[in-house]
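Report on one structure; see the data block that follows.
The values are calculated or read from the model by the stated rules, or taken from the named source; none is laboratory data. In this text the structure is predicted, and so the values were computed from the model without any measurement. Every residue, glycine as well, gets a Cβ built from its backbone with ideal geometry; the counts of neighbours run over all protein chains shown.
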């Protein structure tokens, strides 16, 4: 597949996937509300108006779908919750409707999903792709989102969903927030699991399923060694040269600062990577220390 269309291409993960694809000689285009503002080749879309440039889907051989409002960027007001849900569901619905109109369709559709599917706090249980969804807000969002994605498979397009864990990068995401205070410290009791993945491995995983015709359905996009919040924070502090204080930030303080969103950091998931590894995917950064050393060396 030589031409790849990406939604959410300007985000942290989208930029890394774009870089890797172009490094391999692929042509990449993004869907954007303001195509002329991008240096990257882009086609127009507007999910609120349910409009898009019809040429985008005839131009590409495959679609990588990453679009969605950030779940940790703002407090979860009613309006923000609606935006988090609709940005995922309506964008996927628009793509489905446009794909359904085509006689010749892209060969593959690879979509982001999230380990939030399993619930915000699942304790020590090792979670696999066939485990039941949680019942909290994020779990309900991911369940509805995946329901829309799965409809694309009914169009005869090979469809893959990657349930993404905590993405480690020095360009943004969880690490940037964890290390923002002057002193790094665990959140809550620090024992909650964080199923992490180095951004380079995540981008490579998207390319792996894109090119591997035997892959379809749901895969957990996490590394093979989940770590506790305390361990990840301690290792990240050491790798970045930041002081570490082994006293957890109290849950009540997090609740006051973050509201309902505090459940995201005081809870956690221990998620299995066995299924994606069974397809032949090999992690470059399976070890947390190696991953963090590489991140802060660049």
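List of remarks:
- A count restricted to the stretch 69-83 and to residues that are in a helix (DSSP H, G or I) and either more than 18 Å from the chain's Cα centre (by Cα) or at pLDDT 95 or above (or both) stands at 5.
- Looking only at residues in the stretch 84-95 that are buried (at least 19 other Cβ atoms within 10 Å of the Cβ) and within 11 Å of residue 152 (Cβ to Cβ), the one that is nearest to the chain's Cα centre (by Cα) is 92.
- Test result for residue 212, surrounded by fewer than 20 Cβ atoms within 10 Å (Cβ to Cβ) and over 18 Å from the mean Cα position of the chain (by Cα): yes
- Reported count of residues in the stretch 33-47, each being surrounded by fewer than 10 Cβ atoms within 10 Å (Cβ to Cβ) and part of a loop (DSSP other than H, G, I, E, B), is 2.
To keep it simple, each residue is scored yes or no on (1) part of a helix (DSSP H, G or I); (2) modelled with pLDDT of 90 or more; (3) under 23 Å from residue 20 (Cα atoms); (4) out of contact with any helix residue (DSSP H, G or I) (no Cβ under 9 Å at 6 or more places or on another chain).
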site: 219; (1), (2), (3), (4): no, yes, yes, no
site: 239; (1), (2), (3), (4): yes, yes, no, no
site: 246; (1), (2), (3), (4): no, no, no, no
site: 257; (1), (2), (3), (4): yes, no, no, yes
site: 276; (1), (2), (3), (4): yes, yes, yes, no
site: 279; (1), (2), (3), (4): no, yes, yes, no
site: 290; (1), (2), (3), (4): yes, yes, yes, yes
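- Screening residue 231 against (1) assigned to a helix (DSSP H, G or I); (2) within 20 Å of residue 72 (Cβ to Cβ); (3) modelled with pLDDT of 90 or more leaves a single unmet condition, (2).
- Total residues in the stretch 37-62, condition more than 16 Å from residue 203 (Cβ to Cβ) and in contact with a strand residue (DSSP E or B) (Cβ under 8 Å, 6 or more places away or on another chain): 16
- Residue selection: residue 204 fails the criterion of being more than 17 Å from residue 287 (Cα to Cα) and either in contact (Cβ under 8 Å) with a residue 24 or more places away in the chain or more than 22 Å from the chain's Cα centre (by Cα) (or both).
- Scope the stretch 103-115; condition without any contact (Cβ under 8 Å) to a residue 60 or more places away in the chain and within 26 Å of residue 16 (Cβ to Cβ); matching residues: 109, 111, 114
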